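Student: My questions all concern the structure below.
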Amino acid sequence: MAELNLKPLGDRVIIQPLEDDEVTASGIILPETAKEKPQKGTILAVGPGAKDDNGKLIPMNVKVGDKVLYGKYAGTEVKMSTGKSVLVIRENDIFAIII
């Protein structure tokens, strides 16, 4: 895993998208333009959590290392110095933890 020089704030998390296979089960190689945007990823960093109306910290439900399912167009893609892209999204854009 590459060095991560980002620290998410509030209820945001940083996700490394999991790339789908480039070859279908029947052996067809998919070009980059035909691939669907990933919706699964691994959490690399987690913010401290959001605050409620009284200023009390609401803890996060996810942790570093969790594999999650998130919205197709959720978050903001950030290009790292290593050339890899990560996603910065809010916790409420995460649908489920994959177990």
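The values are calculated or read from the model by the stated rules, or taken from the named source; none is laboratory data. Values in this document were obtained by computation on a predicted structure and should not be read as measured data. Neighbour counts run over all protein chains shown; Cβ positions are idealised from the backbone, glycine included.
Student: Return the pairs, sorted by first residue and then second, in which the second residue is among the aromatic types (Phe, Trp, Tyr), the first residue lies in the stretch 68-90 and is in contact (Cβ under 8 Å) with a residue 60 or more places away in the chain, the beta carbons are less than 8 Å apart, and the residues are 6+ apart or on different chains.
Tutor: Between residues of the stretch 68-90 that are in contact (Cβ under 8 Å) with a residue 60 or more places away in the chain and residues that are among the aromatic types (Phe, Trp, Tyr), the close pairs are 87/70; 89/70.
Student: Would you check which residues across the stretch 65-88 are over 13 Å from residue 6 (Cβ atoms) and either aliphatic (A, V, I, L, M) or touching a helix residue (DSSP H, G or I) at 6+ places or on another chain (Cβ under 8 Å) (or both) and list them?
Tutor: Filtering the stretch 65-88 for residues over 13 Å from residue 6 (Cβ atoms) gives 65-74, 83.
68, 69, 70, 71, 74 - these are the residues of the stretch 65-88 that are over 13 Å from residue 6 (Cβ atoms) and either aliphatic (A, V, I, L, M) or touching a helix residue (DSSP H, G or I) at 6+ places or on another chain (Cβ under 8 Å) (or both).
Student: How do the pairs read when you match residues in the stretch 32-56 that are of a type in the set (Asp, Glu) with residues anywhere that are modelled with pLDDT of 90 or more, using Cβ under 7 Å and keeping only pairs 6 or more apart or on different chains?
Tutor: Close Cβ pairs (under 7 Å, with a partner that is modelled with pLDDT of 90 or more) amount to 52/58.
Student: Could you tell me how many of the residues in the stretch 63-73 are surrounded by fewer than 17 Cβ atoms within 10 Å (Cβ to Cβ), out of contact with any Leu (no Cβ under 7 Å at 6 or more places or on another chain) and not aromatic (Phe, Trp, Tyr)?
Tutor: The initial filter retains those residues of the stretch 63-73 that are surrounded by fewer than 17 Cβ atoms within 10 Å (Cβ to Cβ), namely 63-65, 67, 69, 71-73.
Filter once more, keeping what is out of contact with any Leu (no Cβ under 7 Å at 6 or more places or on another chain): 63, 65, 67, 69, 71-73.
Filter once more, keeping what is not aromatic (Phe, Trp, Tyr): 63, 65, 67, 69, 71-72.
Counting residues in the stretch 63-73 that are surrounded by fewer than 17 Cβ atoms within 10 Å (Cβ to Cβ), out of contact with any Leu (no Cβ under 7 Å at 6 or more places or on another chain) and not aromatic (Phe, Trp, Tyr) gives 6.
Student: While we're on this one: For the stretch 36-62: of the residues being charged (D, E, K, R) and over 20 Å from residue 98 (Cβ atoms), which is surrounded by the most Cβ atoms within 10 Å (Cβ to Cβ)? Step through it out loud before you land on a result.
Tutor: First, pick out the residues of the stretch 36-62 that are charged (D, E, K, R): 36-37, 40, 51-53, 56.
Still in the list and also over 20 Å from residue 98 (Cβ atoms): 51-53, 56.
On the way: 51: 12, 52: 9, 53: 5, 56: 9.
Within the stretch 36-62, the match that is surrounded by the most Cβ atoms within 10 Å (Cβ to Cβ) is 51.
Student: Another question about this same structure. Taking the stretch 66-89 as the search range and keeping residues that are at pLDDT 95 or above and out of contact with any Phe, Trp or Tyr (no Cβ under 8 Å at 6 or more places or on another chain), which one is nearest to residue 10 (Cα to Cα)?
Tutor: 88
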